[in-house]
1. Just to be sure, is residue 10 assigned to a loop (DSSP other than H, G, I, E, B) and under 19 Å from the mean Cα position of the chain (by Cα)?
2. From the list 79, 63, which one is surrounded by 12 or more Cβ atoms within 10 Å (Cβ to Cβ), outside the structural domain of residue 195 (by TED's automatic domain parsing) and either of a type in the set (Gly, Ala, Ser) or free of Cβ contacts under 8 Å to residues at least 12 places away in the same chain (or both)?
3. Name the pairs whose Cβ atoms lie under 6 Å apart, with the first residue in segment 190-208 and farther than 25 Å from residue 170 by Cα, the second of a type in the set (A, V, I, L, M, F, W, C) and surrounded by 12 or more Cβ atoms within 10 Å (Cβ to Cβ), and 6 or more positions between them or separate chains?
4. May I ask you to say which residue of 149, 199 is over 26 Å from residue 8 (Cβ atoms), small (Gly, Ala, Ser) and at pLDDT 95 or above?
5. Can we say residue 172 is among the acidic types (Asp, Glu) and not in a loop (DSSP other than H, G, I, E, B)?
6. Report the residue count in segment 186-201 for those that are surrounded by 20 or more Cβ atoms within 10 Å (Cβ to Cβ) and either part of a strand (DSSP E or B) or not assigned by TED's automatic domain parsing to the domain that holds residue 160 (or both).
7. Taking segment 94-130 as the search range and keeping residues that are part of a helix (DSSP H, G or I) and under 30 Å from residue 143 (Cβ atoms), which one is nearest to the chain's Cα centre (by Cα)?
Amino acid sequence: MSQITITKDFVEKSEEGFELKSNNFSGKINLYAETLGISPEQVAAVLDALKTLSDIREDKIAKRMASKAATINYKTNRKPTEKIVRDFKKLVEASPNCTPEMLEDLGMNNTVKIIDTDTKAPDLHVKMVAGVPHITYEKTPFEGIRLYSRINGGPYDFQCVVAHPYFDDTRERRDATQAELREYYAYFMKNGKEVGLRSKGIKITLEALD
């Protein structure tokens with residue numbers, strides 16, 4: 001049985017997740033600051049950064065329908081705020097009194113997830129985009145997929161290795177005056193090899209062109 005170990009970064013990618021963890025951290029850090037030997041000024045600096053970013057997010061939400069400026073402002077401030085939080089985590093971990101339980105309670109612990117690759121299969125989706133079949137799937141944590149296809153019920157043959165979470169089938173039609181059925185299935189790729197289970201098949205019909 002083959003497995004993949006995934007370490008999930010403690011900094012949440014989504015705005016909502018980042019906000020929830022920020023609120024949790026802000027409400028609890030003062031419980032540990034003195035024990036960790038972290039000064040009130042250092043705590044205030046990270047809390048101020050989180051509060052500023054939270055205010056920007058609230059402003060963005062309020063103005064979402066009217067302007068994209070707040071979204072740009074949030075994205076501009078997100079990375080420097082993340083750096084402040086990551087640097088503060090190093091400060092916390094440097095304390096001899098720091099415990100794994102403290103990091104977990106503050107939401108600053110990276111989590112580890114084990115995935116059994118033998119039981120995973122790509123979940124393929126297809127739709128027409130700009131006149132060609134557009135296939136999508138969830139790539140993480142794999143390298144991509146090995147995609148197979150067939151046309152009009154013929155034999156499946158290897159199409160290509162797809163390293164992105166999408167694929168545009170730009171092959172020319174066999175006969176543009178006739179409808180054409182294209183079918184696909186795939187396996188995940190890891191370390192250059194197929195792993196896991198075969199995906200469910202998907203299909204799409206390319207309508208005849210006038």
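1. Working: assigned to a loop (DSSP other than H, G, I, E, B): yes; under 19 Å from the mean Cα position of the chain (by Cα): yes.
Yes; evaluated as a whole, the condition is true for this residue.
2. After ruling out the rest, the residue left standing is 63.
3. Hits for this filter: 190/142; 195/188; 196/121; 196/188; 197/121.
4. Values: 199 fails: over 26 Å from residue 8 (Cβ atoms).
Checking each option against the conditions leaves just 149.
5. no
6. Total satisfying the criteria: 4.
7. So in segment 94-130, the residues part of a helix (DSSP H, G or I) come out as 94, 100-105, 117-119.
Next, from what is left, pick out any that are under 30 Å from residue 143 (Cβ atoms): 117-119.
Numbers: 117: 18, 118: 21, 119: 21 Å.
Filtering first and then ranking leaves 117.
One line per residue, one yes/no per condition, for (1) surrounded by fewer than 17 Cβ atoms within 10 Å (Cβ to Cβ); (2) at pLDDT 95 or above; (3) of a type in the set (Asp, Glu):
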site: 75; (1), (2), (3): yes, no, no
site: 83; (1), (2), (3): yes, yes, no
site: 105; (1), (2), (3): yes, yes, yes
site: 110; (1), (2), (3): yes, no, no
site: 113; (1), (2), (3): yes, no, no
site: 116; (1), (2), (3): yes, no, yes
site: 129; (1), (2), (3): yes, no, no
site: 138; (1), (2), (3): yes, no, yes
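The values are calculated or read from the model by the stated rules, or taken from the named source; none is laboratory data. None of the values given here were measured: they were computed from a predicted structure. Note that we place each Cβ from the backbone using ideal geometry, even for glycine, and neighbour counts take in every protein chain shown.
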